[in-house]
Every structure is written in structure tokens, then in C-alpha cells.
1. What is the residue count in segment 55-72 for residues that are more than 17 Å from the chain's Cα centre (by Cα), surrounded by fewer than 19 Cβ atoms within 10 Å (Cβ to Cβ) and part of a strand (DSSP E or B)?
2. Could you run through segment 245-271 and say how many residues are open to solvent by less than 50 Å² (accessible area, probe 1.4 Å) and assigned to a helix (DSSP H, G or I)?
3. Of GLN120, GLN113, GLN77, GLN52, which residue is among the polar types (S, T, N, Q), within 12 Å of the ligand (Cβ to nearest atom), open to solvent by 10 Å² or more (accessible area, probe 1.4 Å) and without any contact (Cβ under 8 Å) to a residue 60 or more places away in the chain?
4. Out of curiosity, is PRO130 under 30 Å from ARG256 (Cα atoms), at pLDDT 95 or above and assigned to a loop (DSSP other than H, G, I, E, B)?
5. Tally time: how many residues in segment 145-162 are open to solvent by 30 Å² or more (accessible area, probe 1.4 Å) and within 12 Å of the ligand (Cβ to nearest atom)?
6. PHE142 fails exactly one of the following numbered conditions: (1) open to solvent by less than 10 Å² (accessible area, probe 1.4 Å); (2) free of Cβ contacts under 8 Å to residues at least 40 places away in the same chain. What is the number of that condition?
7. Take the conditions away from the ligand (no atom under 16 Å from the Cβ), free of Cβ contacts under 8 Å to residues at least 24 places away in the same chain and in a loop (DSSP other than H, G, I, E, B) and apply them to SER12. Does it pass?
8. With respect to GLY90, is the statement that it is farther than 16 Å from TRP137 by Cβ, assigned by TED's automatic domain parsing to the domain that holds PHE142, open to solvent by less than 50 Å² (accessible area, probe 1.4 Å) and under 19 Å from the mean Cα position of the chain (by Cα) true?
Amino acid sequence: MTHQLSENEISSAVKQISNDGWVIVEDAIEPELIDTIGKEIERLERELSIGQGDNLFEGTKTTRIYNLLVQGETFQQMPLHNNVLPIVEGVLGQGLLISSLSSIAIGADERAQPIHSDDQLIPIPKPHPPIICNTMWAITDFTEANGATRLIPGTHLNDHSPNPMQSYDSIAAEMKRGSVLFWVGSLWHGGGANITTQRRIGVALNYCAGYIRQQENQQLGIPLEMIAKFPRKLQELVGLGIYNGLLGHIDKKHPRDHLFGDGTQAGLIWDYAKVTPT
Ligand SMILES: O=C(O)CCC(=O)C(=O)O
């Protein structure tokens with residue numbers, strides 16, 4: 001049964017992510033929401049004629065829909081979910097951003113995705129504090145046979161990233177539909193091979209710290225008139241916020257004030273260090 005996670009449950013999930021690099025929260029999401037997300041993905045794949053990937057990373061029997069935040073309220077509520085966001089905030093701290101939101105439906109006969117880490121392209125020494133925390137929402141059950149995400153526990157503490165051309169021993173993150181897998185961006189992982197006849201459908205909702213670049217350029221990818229109608233927290237999560245009182249201001253204004261003239265105060269660190277000219 002889905003229930004609102006307690007503070008203890010949230011902090012124990014955060015601790016597990018810090019220790020092992022990942023955690024699964026079972027029954028995290030209401031079954032009705034999972035049903036709606038599943039139906040929406042199938043509708044969008046049909047209506048947008050989304051094809052399968054054509055490379056090792058996206059797969060060749062896997063269908064992905066990117067930039068799901070433009071696809072309506074069902075997807076717009078996901079990043080704010082109260083069994084998800086508090087855990088990710090516990091890992092990345094306040095001021096975090098949505099990095100990307102995409103569906104990943106792994107079809108029959110798909111081979112395993114190369115093992116990689118999601119921070120592999122960011123040129124900073126490892127290990128480092130978490131800068132990325134990703135979530136995979138199980139829209140169908142995830143089983144070893146249908147392509148559940150493969151993980152190599154503890155690798156988030158390694159001083160290097162995996163070689164995507166190499167194979168590694170890994171475990172399958174098996175979980176029931178409605179569960180969410182959380183992992184930190186340094187953890188070595190990859191989508192599994194699907195040897196069944198059914199699709200494994202997941203939604204990858206990825207977050208990053210407020211001081212690094214989002215994978216999907218949401219300020220370009222989401223029409224402003226749509227962002228204007230988002231709840232404030234979601235506006236901040238897509239990039240219309242200010243991190244630590246400085247990063248993201250424009251002409252000393254809050255981005256929301258700059259765009260919509262709504263008077264949101266930027267609250268810049270400079271305001272706390274004012275001096276009277278002499
Ligand atoms: O589909 C999955 O289980 C993982 C996908 C993934 O890690 C990726 O595409 O970067």
C-alpha cells in the first residue's frame with residue numbers, strides 16, 4: 001500500500017543511497033498515477049510516432065520519449081512527488097534541478113545497455129559529493145528477465161568511471177510496479193537485457209545539484225507560457241530559481257520576476273552585505 005514516507009523512512013533511504021549508491025522504495029507511487037503514466041506513455045508513443053533508438057546507449061528495441069514535462073499535468077506532478085523529492089533533496093540539498101524526464105520502454109530482445117555512470121561526462125575527480133541523483137519509476141514490474149536496471153553496488157565510491165565497452169558483474173534492481181529506484185550519479189549501472197516478450201516500462205526522472213548543468217535544456221524545451229502556469233516549486237526545479245543566493249540571477253533580478261514581472265525577490269547574497277557609500 002502506498003503511504004506517505006515518514007521522516008525516518010526518508011532519512012534511512014538517503015543514508016542507504018549514501019552507503020550503497022542506490023535504494024528501492026517499494027509502493028512509493030499511487031497505483032492510479034502509475035496507471036495514468038503508463039497510458040499516457042502509450043498514447044504519446046502512438047501520437048508522436050516515436051521510434052526506437054539506433055545506438056548502444058539508447059538501444060535498438062527501446063522507445064524513449066524525452067522532455068516529458070511538456071506533455072501535461074500527469075508528468076508535471078512527478079518531480080514534486082512527496083515520496084520522491086524529499087529523498088532527492090536529502091541527497092543533493094536544496095536548490096536542486098530537474099535534469100531530465102523521459103520514458104524508457106525496453107522492448108523484447110533488447111540487449112543490455114553498456115554499464116556507465118551518469119556523471120561520467122562531468123570532468124571532476126572521483127569520488128566526489130553527489131551532484132546527480134536519478135530515479136526510475138516502475139510503470140511495469142521490473143524483473144531480471146525483462147530488463148530491470150543493472151547496478152553495481154558501492155561503485156559510486158570508486159575513483160574512476162566504468163569502461164562502457166567492458167562487461168561487469170551486476171545485480172538486477174527488481175521491483176514491483178509503483179516502486180522507485182533511486183541512485184546517485186556516480187553509481188555504475190545500465191538498463192538490462194529484455195529476454196521476455198513484454199515491454200519493461202520505466203520513467204527516468206533525473207535531478208542534479210543546482211550548480212551544475214541540466215541534461216535537458218528545459219528553459220529552451222518548455223514554452224514559457226507553459227512554465228508560467230507551473231507551481232512555483234516546479235518553476236524553480238526547471239531552472240527559474242536562484243541557487244545559494246547568486247547562481248541564476250539575471251540583472252540582479254529573480255528569473256521569475258525577469259520573465260513574468262511578478263515581483264519575486266531575488267534575495268541575493270549581496271543584499272546581505274550592503275554598505276552605505278561614504
Ligand atoms: O533503463 C534503465 O534501466 C537505465 C537507463 C539508463 O541508465 C540510461 O539510459 O542512462
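The values are calculated or read from the model by the stated rules, or taken from the named source; none is laboratory data. A quick note: this is a predicted structure, and the numbers were derived from the prediction, not measured. As a convention, Cβ positions derive from the backbone with ideal geometry for all residues, glycine included, and neighbour counts pool all protein chains shown. The protein model used for the area step is the full one, side chains on, heavy atoms only, and it has no ligands, DNA or RNA in it. Shrake-Rupley method; radii C 1.70, N 1.55, O 1.52, S 1.80 Å.
1. Within segment 55-72, residues that are more than 17 Å from the chain's Cα centre (by Cα), surrounded by fewer than 19 Cβ atoms within 10 Å (Cβ to Cβ) and part of a strand (DSSP E or B) number 1.
2. Total meeting the criteria: 3.
3. GLN120
4. In short, yes.
5. Number satisfying all stated conditions: 1.
6. (2)
7. The answer is no for SER12.
8. On the way: farther than 16 Å from TRP137 by Cβ: yes; assigned by TED's automatic domain parsing to the domain that holds PHE142: yes; open to solvent by less than 50 Å² (accessible area, probe 1.4 Å): yes; under 19 Å from the mean Cα position of the chain (by Cα): yes.
Considered against the rule, which asks whether it is farther than 16 Å from TRP137 by Cβ, assigned by TED's automatic domain parsing to the domain that holds PHE142, open to solvent by less than 50 Å² (accessible area, probe 1.4 Å) and under 19 Å from the mean Cα position of the chain (by Cα), GLY90 comes out as yes.
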